[in-house]
Structure formats: C-alpha cells, structure tokens
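As structure tokens, the structure follows; a few thoughts come after it.
The values are calculated or read from the model by the stated rules, or taken from the named source; none is laboratory data. All values derive from a computational prediction rather than experimental measurement. We place every Cβ from the backbone using ideal geometry, glycine too, and count neighbours over all the protein chains shown.
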Amino acid sequence: MAETLIKVDLKQSPYENDKVHNRWHPDVPMACWVKPGDDFVLETYDWTGGYIKNDDSADDVRDVDLTTVHFLSGPVGVKGAEPGDLLVVDLLDIGAKPDSQWGFNGFFSKQNGGGFLTDHFPLAQKSIWDFHGMFTDSRHVPGVRYAGLIHPGLIGCLPDPKLLETWNRREIDFIATDPDRVPGLANPPFAATAHMGALQGEARAKAAAEGARTVPPREHGGNCDIKDLSRGAKIYFPVYVDGAGLSVGDLHFSQGDGEITFCGAIEMAGWVHMKVDLIKGGMAKYGIKNPIFKPSPITPKYDDYLIFEGISVDEAGKQHYLDVHIAYRQACLNAIEYLKKFGYSGAQAYSILGTAPVQGHISGVVDIPNACATLWLPTDIFDFDIKPNANGPTKFLDGSVQMPISPDK
Ligand code: ZN
C-alpha cells in the first residue's frame with residue numbers, strides 16, 4: 001500500500017489536526033507535498049468531524065453546528081503545478097476506516113440546515129448504516145440492502161485570491177436579497193469556527209475571516225456530491241495556485257443522485273488512495289472552467305428500475321416554468337408516497353432515496369411550461385417485490401422499526 005500522508009485519529013478533535021481544514025483560502029499551508037506520478041493515501045474524518053454518533057437518537061443531527069463543516073484532509077501540494085494547469089487525479093481506491101465500519105444519514109431540522117424536502121420533513125431524523133464489506137444495511141430502515149458506490153462528496157483545489165473574492169462577493173450579494181430566509185440562501189465566511197490547517201498568527205486571523213465556506217460546489221469542484229465520482233474515476237481539476245492544493249473529505253459509502261437528504265448520503269470516515277498528474281496549461285488547451293471526469297470501470301450493477309416522473313407543478317398545484325428543482329422534488333415525493341404503501345414511513349422512504357444508488361435524470365427541459373425530471377429507483381435493492389401488480393401492494397413492513405426523530409428545542 002502507498003504511504004499514508006495524512007492520518008486522522010477519530011478520537012481526536014479535527015481542530016487539533018493541522019493537516020485538516022474547513023475553509024477554502026489560498027493561504028491554507030500545504031499539509032504535504034508530492035510529485036506528478038506519485039500515489040498516496042489520505043485519511044479523512046466524516047464531514048462533521050465525528051459529531052454524529054452511532055446511536056439511536058437524532059439529537060446530534062438537530063444540534064450539530066453547521067458552521068464547523070466540512071473537515072477536509074489537505075491541501076496536498078503537487079510540485080510543478082501552476083495556475084492554468086489541469087490536475088489529474090485518479091481515485092485508485094476508497095474505503096471506510098477499519099475502526100469505523102458504519103455511516104449515517106439524516107435530515108436536518110428546518111431550523112438548522114433544512115434540506116430538499118424540509119417542508120415535508122421539518123424535524124431532525126437519523127438512520128445508521130452498517131457496512132458488510134461492499135454492502136450496507138440499516139437497523140432503522142428495514143427491507144433494503146445494496147452495494148456501496150463509494151465516493152468523496154467533496155474534492156477540489158485551492159482558489160486564488162481573485163476567485164475567492166468572486167465567490168464571497170456573489171454569495172454575500174445573494175444572501176442580501178433575502179437575509180432573513182430560513183434556511184438561509186447561502187453561508188458567508190464565519191471566522192469563529194474556521195480551521196485553517198497549520199496557518200498561524202495574523203495571517204490566520206485574516207484568512208479565517210475571508211475563507212469561503214465549503215458547502216456549495218463551485219468552479220473548482222468542491223462539494224459536488226456526485227455519486228459517480230467514485231473509486232476508479234479519473235478527475236481533471238482546474239489549478240489556480242502554485243502547487244494546486246488538493247483537498248478531499250466528506251466520504252460517502254453510497255448516495256442517491258441529488259443527495260436529497262442533505263445530512264447527507266451515507267456519511268463516513270475513511271481513506272482515499274489516489275494518484276496525481278499534471279496537464280500543463282490544460283485549462284486553456286481544453287477550454288475547462290469546471291472539473292471534468294471519467295467514471296469508474298466498476299459500479300454496482302442494478303439494471304432494473306421503477307422510474308417515477310415529476311413535473312414542474314408544485315405541491316399546491318402552482319405552475320412553474322421549466323423548473324427542474326420542482327420537477328425533481330415531485331418525482332421524489334411520488335416515490336415516497338409509493339413506498340409508503342409497502343409499510344415504510346415517509347422518513348424511511350426519504351432515507352432510501354438519499355442513500356441508495358438512485359438515479360436522477362433531467363428528462364425534458366423544453367416542453368413549456370413543464371420540465372420533466374425522473375427518479376430511477378433500483379428494484380433489486382429491496383428484500384421484496386416493489387413492482388405494481390393487479391392485486392395491489394402487499395405491506396411487507398409492520399411499522400415496528402422507525403427512524404429516531406428529535407423535536408426542535
Ligand atoms: Zn456528505
């Protein structure tokens with residue numbers, strides 16, 4: 001096995017590990033250096049730095065301080081990398097930490113983060129998923145088991161000062177359009193909980209006040225939450241600073257397209273074995289603004305689906321113009337209503353859509369006024385037959401198993 005350049009101790013606070021950071025800023029010092037062609041291993045915390053526990057209460061999901069996330073391992077400096085290059089990253093393998101063979105999924109309270117269906121599920125809930133080699137199942141969501149499509153939710157290179165300023169300006173301007181919204185429109189810099197890696201002194205204070213939050217995906221990649229960016233994928237990242245500064249974290253054992261549950265996929269602590277290379281001047285040569293990638297040659301094979309359609313007419317019956325966000329929400333709500341007929345609670349069904357290898361497609365965006373989105377639910381992940389038939393659905397679950405829920409304080 002290649003050398004482990006960054007280690008994390010799950011019993012230690014991530015704030016005590018100076019090879020970890022939770023903001024994007026060009027001044028975060030490189031945690032280590034490698035050469036083009038090198039392969040190496042980075043260990044990572046789960047995205048909350050160990051705050052969410054393997055237990056049967058959702059209080060931690062309700063109470064988590066979301067200004068602390070995401071804890072990333074890095075940045076890794078790559079010798080010879082310069083602005084305008086492409087950093088080529090092969091995800092050679094990814095796994096869970098040997099002492100942490102489980103992950104979590106949850107929904108944030110609408111008062112603390114919310115999520116895609118927060119108006120339908122406004123309270124904090126959680127499910128724990130155990131790993132059995134390449135498979136996972138949950139004591140809180142019976143009747144499903146599936147193979148993991150392991151991937152980093154978050155990976156990207158450091159921004160330069162100009163790009164950082166662009167991010168902060170456009171997001172702060174956006175928040176100003178509706179500053180009292182719950183949940184908020186975006187997350188501005190927040191120095192109090194910033195972790196700037198090994199940066200110290202005055203430079204640290206300045207960078208902590210400016211550091212971009214890690215929540216949204218941006219031009220550099222970052223928190224894209226793409227399930228297909230999995231082990232075996234090859235990614236081409238824009239480089240903005242000398243050394244590139246590659247950081248990774250927020251590992252997922254599995255996730256449905258959209259990461260609709262927001263807290264989050266099946267979140268885990270783990271390790272990434274990767275190899276880096278450079279394409280000099282690659283951004284201009286290939287006209288690249290955002291990362292591109294090739295998927296893994298190996299993915300879980302689920303080729304039978306029940307596919308739910310949704311259109312851009314919201315729950316109140318209001319017409320929206322080609323809005324794929326609303327169309328996908330309707331497809332998800334339709335799938336949840338369907339799964340409830342087999343005995344799942346709405347929360348359990350929502351958790352399945354957020355964690356299983358569910359596909360989401362933008363199926364049509366031209367047929368005015370309705371966009372059409374589809375949610376592809378793999379039928380073979382269930383212990384029972386979920387397909388429609390003339391006799392109607394059989395209730396396979398008796399409701400005796402439920403997901404922990406925590407009322408707002
Ligand atoms: Zn995540």
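Residues of the range 276-292 that are closer than 24 Å to Trp47 by Cβ and in contact with a Lys or Arg (Cβ under 9 Å, 6 or more places away or on another chain): Val276, Asn290. Of the residues making up the range 6-48, those that are aliphatic (A, V, I, L, M) and under 28 Å from Pro189 (Cβ atoms) are Ile6, Val8, Leu10, Val20, Val28, Met30, Ala31, Leu42. For the range 331-374, a residue qualifies if it is part of a loop (DSSP other than H, G, I, E, B), hydrophobic (A, V, I, L, M, F, W, C) and surrounded by fewer than 20 Cβ atoms within 10 Å (Cβ to Cβ), and the qualifying residues are Phe342, Val365, Val366, Ile368. For the range 139-150, the set of residues classified as hydroxyl-bearing (Ser, Thr, Tyr) and within 15 Å of Ala96 (Cβ to Cβ) is empty. Within the option set Gly133, Gly113, Gly106, being of a type outside the set (Ser, Thr, Tyr), on the phi > 0 side of the Ramachandran plot and within 15 Å of the ligand (Cβ to nearest atom) holds for one residue only, Gly113. Per this entry, Phe237 is not counted among residues that are within 16 Å of the ligand (Cβ to nearest atom), aromatic (Phe, Trp, Tyr) and farther than 24 Å from Lys110 by Cα.
Against the test of being under 24 Å from Lys126 (Cβ atoms) and aliphatic (A, V, I, L, M), the options Leu306, Leu333, Leu322 yield a single qualifying residue, Leu333.
The set of residues in the range 196-223 being farther than 19 Å from Glu165 by Cα and either touching a Lys or Arg at 6+ places or on another chain (Cβ under 9 Å) or buried (at least 24 other Cβ atoms within 10 Å of the Cβ) (or both) consists of Gly197, Ala198. Scanning the range 255-307 for residues being within 16 Å of the ligand (Cβ to nearest atom), over 26 Å from Val76 (Cβ atoms) and assigned to a loop (DSSP other than H, G, I, E, B) gives a total of 6. If you filter the range 22-61 down to residues that are closer than 19 Å to Val239 by Cα and not in a loop (DSSP other than H, G, I, E, B), you find that the one that is nearest to the ligand (Cβ to nearest atom) is Trp24. Scanning the range 268-292 for residues that are within 30 Å of Ile52 (Cβ to Cβ) and either buried (at least 20 other Cβ atoms within 10 Å of the Cβ) or touching a helix residue (DSSP H, G or I) at 6+ places or on another chain (Cβ under 6 Å) (or both) returns Met268, Ala269, Gly270, Trp271, Val272, Met274, Pro291. For the range 62-80, the count of residues that are of a type in the set (A, V, I, L, M), more than 16 Å from the ligand (Cβ to nearest atom) and under 30 Å from Phe293 (Cα atoms) is nonzero. Pairs are defined by a Cβ separation below 7 Å, a sequence spacing of at least 6 or placement on different chains, a first member in the range 151-162 that is within 13 Å of Asp228 (Cβ to Cβ), and a second member that is of a type in the set (Ser, Thr, Tyr) and within 14 Å of the ligand (Cβ to nearest atom); the pairs so defined are His151/Ser230.
If the condition is being within 16 Å of the ligand (Cβ to nearest atom), not aliphatic (A, V, I, L, M) and not in a loop (DSSP other than H, G, I, E, B), then the range 142-198 contributes His151, Pro152, Gly153, Gly156. For the range 203-217, taking the residues that are farther than 23 Å from His361 by Cβ and within 16 Å of the ligand (Cβ to nearest atom), the one that is farthest from the chain's Cα centre (by Cα) is identified as Arg213. Taking the listed residues Tyr321, Tyr328, the one that is crowded, with 22+ Cβ neighbours inside 10 Å, of a type in the set (Ser, Thr, Tyr) and either touching a residue at least 24 places away in the same chain (Cβ under 8 Å) or over 30 Å from Ile298 (Cα atoms) (or both) is Tyr328, with no other qualifying. Here Ala371 passes the criteria (1) in contact with an Asp or Glu (Cβ under 9 Å, 6 or more places away or on another chain); (2) under 30 Å from Ser57 (Cα atoms); (3) of a type in the set (A, V, I, L, M, F, W, C); (4) modelled with pLDDT of 95 or more except the one numbered (2).
Here the condition is being crowded, with 24+ Cβ neighbours inside 10 Å, within 16 Å of the ligand (Cβ to nearest atom), among the polar types (S, T, N, Q) and farther than 30 Å from Met283 by Cβ; of Ser127, Ser138, it holds for Ser127 alone.
Of all residues in the range 328-352, which are more than 19 Å from Ser312 (Cα to Cα) and of a type in the set (Lys, Arg)? Across the range 328-352, the qualifying residues are Lys340, Lys341. Counting only residues that are over 18 Å from the mean Cα position of the chain (by Cα) and in a strand (DSSP E or B), the range 125-141 holds 6 of them.
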